[in-house]
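> Handing you a structure now.
The values are calculated or read from the model by the stated rules, or taken from the named source; none is laboratory data. These numbers were taken from a predicted model, which means no experiment stands behind them. Reconstructed Cβ throughout: ideal geometry from the backbone, glycine too, with neighbour counts over all protein chains shown.
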Amino acid sequence: MIKTVKTIPLAGKRVIMRVDFNVPMKVVEPGKPGVVGDDTRVVAALPTIKYILDQGVKTLTLMSHLGDPDKDAKKAKEKEGDAFSKDAFMNKNYGKYHLQPVAEHLAKLLGKPVVFAADALGQKAFIEGQKDGTVIVLENTRFHKEETSKDGAERDKMAKELATYGDVFVNDAFGTAHRDHASTASIAKFMPAGNVCGGFLMEKEVQFLEPIVTSPVKPLVAIIGGAKVSSKIAVLESLLKNAKALVIGGGMAYTFFKAQGHKIGKSLVEDDQIDTAKDILAKAKAAGCEIVLPLDQIGAETYAADAKPVAIDGVDVPDNLMGLDVGPKTIAEYKKVLDTAKTIVWNGPVGVFEFDAFAKGTEEVAQLVAGETAKGVITVVGGGDSVAAVNKFGLADKMSHVSTGGGASLELLEGKKLPGIEVCRG
C-alpha cells in the first residue's frame, strides 16, 4: 500500500498537489477559453481536496497537465508542412490546453473561490502572497518542455521549482502515475523527508488494482478485449499467472483464432502477433488457465456504424464478413465462467461498442459483471475503453471499482512499478 494524506499533519502547511484535470474540453472559438466537457476527473479529486482544506492548510496549490500541446503541434506541422504556424495552431486550439476554465469549474464544485496562476513556473511569491486556505490552480504543466523531458537534469530543474510551492507533496493523479514527469514523480526528490504521500483516489486505485497482480481473491477471471493483442501482451502474461480463466474478446480474438487455424474473413488481425498468440495459449495451458474465446459472432461486410449486422453461428468467419461483436452463445459461456469468480478484472470491450449495432456484447458483459458485483464478487474495470463502455451503459456505479487511469491501470495490471505510485510508498 501507499502512504496517504491522512498520515501527515497538514495544519498551517503549504500543500502542492498533483491532480489529473486532463479533461475533455470543448473549444468555443479560436483564442478563447474552452468549456469543460466532462468533469469526472475533477469530481474524483474533490474528496482529497476537501480533506486537505479541512485541515487548515495555508495554501493548496493544484497542478495538472491538459492535453499534449507539443505533441499535437508536431503532428500538425507534419501534416501542414511549410504552412504550419505554431502561433496560429496555439490560437486555434487555445480552448483545448488552458486550465483556467477548469479552475473556474472547480470553484463552482467547491463553493469557494479558486485562484488561477497564469503559469506553472515562477509562482512562489504569488502563492506565498495568498491568504490562508486559498486554493490555487497552476496553468498547464505541459506548456514547459521540462515537464516531460527525457533529460533527468532538465526535468529536475522544473521539479525543484515546483517543490518550493509546498511543504507537503500529495499525488492524487493516478491517470499519470505511469509517467516520470517533473510534476508527478521527480518533484518528490526535492520535498522534505516524509512529506510525500498519495491522495484518496490514488489510494483507492492501488487498493483495488495492485492485489489483482500480487494476491487476488481467487478464483480470478480476467476479461481482456480491445483491438490489438500487441497492446495487451504484457497484461495477458501477467494475469494468466493468477487467473482461473482469461476471457478474450474484441478484435484481438481474431489473432488468436488465426493462430488456431480458423478462418477470420476480413476481421482485424495482427499477423506479426500470431506467434505471440500461440505462445500465450501455450503458457495459459501450462499454468492451468482457461482461455475463453468467442463461440459465435456478429459480423458485417464493412466497418461502419450503419453496417448491417449478420449473425455468425460458429467460430469461422465467412470471407466477405468481419467480426465486430460476440453472439449470444458466447455471452452464455462468459456467464458460466464469470459465475465461478470471486474477483473479476475487465480491460477492453468485446465488440465495437461505439457502433450501437455492435454494442450488445459489450453491454451484456457489463450487465454480467454488475450482476456479479451484486453477489459480492470484487469487480474492477480498468482501461479507457471499458470505462467508457460502463459509463455509456450507466453501470459504472454497479462495479466495485472503475479506474480513472487508462495507461496507468494497464501498466499496473502488467505488474510494472509506476513512478507516481512508488514516490508515495513512504
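> Determine which single condition ILE223 fails, assuming it passes every other condition in (1) in a helix (DSSP H, G or I); (2) under 17 Å from the mean Cα position of the chain (by Cα); (3) crowded, with 24+ Cβ neighbours inside 10 Å.
(1) is the only condition that ILE223 fails.
> Shifting gears a bit: What are the residue pairs meeting all of these: first residue in region 57-75, first residue within 18 Å of SER183 (Cα to Cα), second residue of a type in the set (Phe, Trp, Tyr), Cβ atoms under 7 Å, and 6 or more apart or on different chains?
These pairs meet every condition: THR61/TYR165; SER64/PHE21; LEU66/PHE21; LEU66/TYR97; GLY67/TYR97; PRO69/TYR97; PRO69/PHE143.
> Can you name every residue in region 383-426 that is among the β-branched types (Val, Ile, Thr), under 23 Å from VAL229 (Cα atoms) and assigned to a helix (DSSP H, G or I)? So that I can check it myself, show each step before the final result.
Within region 383-426, the subset among the β-branched types (Val, Ile, Thr) is 387, 390, 402, 404, 421, 423.
Cutting the leftovers down to under 23 Å from VAL229 (Cα atoms) gives us 387, 390, 402, 404.
VAL387, VAL390, listed by residue number.
> Going by what's in this entry, would ILE187 be described as assigned to a helix (DSSP H, G or I), outside the structural domain of ALA341 (by TED's automatic domain parsing), over 17 Å from the mean Cα position of the chain (by Cα) and at pLDDT 95 or above?
yes
Conditions tested, residue by residue: (1) charged (D, E, K, R); (2) touching a helix residue (DSSP H, G or I) at 6+ places or on another chain (Cβ under 7 Å); (3) crowded, with 24+ Cβ neighbours inside 10 Å.
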site: LEU236; (1), (2), (3): no, yes, yes
site: LYS244; (1), (2), (3): yes, no, no
site: VAL247; (1), (2), (3): no, yes, yes
site: ILE264; (1), (2), (3): no, yes, no
site: ASP272; (1), (2), (3): yes, no, no
site: ASP279; (1), (2), (3): yes, no, no
site: ALA284; (1), (2), (3): no, no, no
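> So which residues in region 190-209 are buried (at least 17 other Cβ atoms within 10 Å of the Cβ) and under 21 Å from the mean Cα position of the chain (by Cα)?
Answer for region 190-209, where residues must be buried (at least 17 other Cβ atoms within 10 Å of the Cβ) and under 21 Å from the mean Cα position of the chain (by Cα): CYS197, GLY198, GLY199, PHE200, LEU201, MET202, GLU203, LYS204, GLU205, VAL206, PHE208, LEU209.
> So, in region 351-382, exactly how many residues are among the aliphatic types (A, V, I, L, M), under 18 Å from the mean Cα position of the chain (by Cα) and in a loop (DSSP other than H, G, I, E, B)?
Looking only at that region, the number is 0.
> Something else about it: Restricting the first residue to region 193-208 and requiring it to be within 17 Å of VAL43 (Cα to Cα), which pairs with a second residue that is among the charged types (D, E, K, R) meet a Cβ separation below 6 Å and a spacing of at least six or different chains?
GLY199/ASP172; LEU201/ASP172; MET202/ASP172
> Are any residues in region 298-334 among the charged types (D, E, K, R) and either touching a helix residue (DSSP H, G or I) at 6+ places or on another chain (Cβ under 9 Å) or more than 26 Å from VAL369 (Cα to Cα) (or both), and if so, which ones? Let's see the steps before the verdict.
Of the residues in region 298-334, the ones among the charged types (D, E, K, R) are 301, 306, 308, 313, 316, 319, 325, 329, 333.
GLU301, ASP306, LYS308, ASP313, ASP316, ASP319, ASP325, listed by residue number.
Results for (1) in a strand (DSSP E or B); (2) surrounded by 14 or more Cβ atoms within 10 Å (Cβ to Cβ); (3) touching a helix residue (DSSP H, G or I) at 6+ places or on another chain (Cβ under 9 Å), shown as yes or no for each residue.
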{"residue": "GLY12", "(1), (2), (3)": "no, no, no"}
{"residue": "VAL23", "(1), (2), (3)": "no, yes, yes"}
{"residue": "LYS32", "(1), (2), (3)": "no, no, yes"}
{"residue": "ALA45", "(1), (2), (3)": "no, yes, yes"}
{"residue": "ILE52", "(1), (2), (3)": "no, yes, yes"}
{"residue": "LEU62", "(1), (2), (3)": "yes, yes, yes"}
{"residue": "GLU80", "(1), (2), (3)": "no, no, yes"}
{"residue": "MET90", "(1), (2), (3)": "no, yes, yes"}
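> Scan region 253-293 for residues that are farther than 19 Å from ASN320 by Cα and not in a helix (DSSP H, G or I) and report the count.
7
> What's the number of the only condition in (1) within 30 Å of HIS401 (Cα to Cα); (2) surrounded by 19 or more Cβ atoms within 10 Å (Cβ to Cβ); (3) not basic (Lys, Arg) that GLY299 fails to meet?
Going through (1) within 30 Å of HIS401 (Cα to Cα); (2) surrounded by 19 or more Cβ atoms within 10 Å (Cβ to Cβ); (3) not basic (Lys, Arg) one by one, GLY299 breaks only (1).
> Can you find a residue that is basic (Lys, Arg), free of Cβ contacts under 8 Å to residues at least 60 places away in the same chain and farther than 23 Å from LEU53 by Cα anywhere in region 144-152? Lay out the reasoning, then the answer.
So the first thing to find is which residues in region 144-152 are basic (Lys, Arg), and the list is 145, 150.
Then keep just the ones that are free of Cβ contacts under 8 Å to residues at least 60 places away in the same chain; that gives 150.
Filter again for farther than 23 Å from LEU53 by Cα, leaving 150.
Yes - at least one qualifying residue is present in region 144-152.
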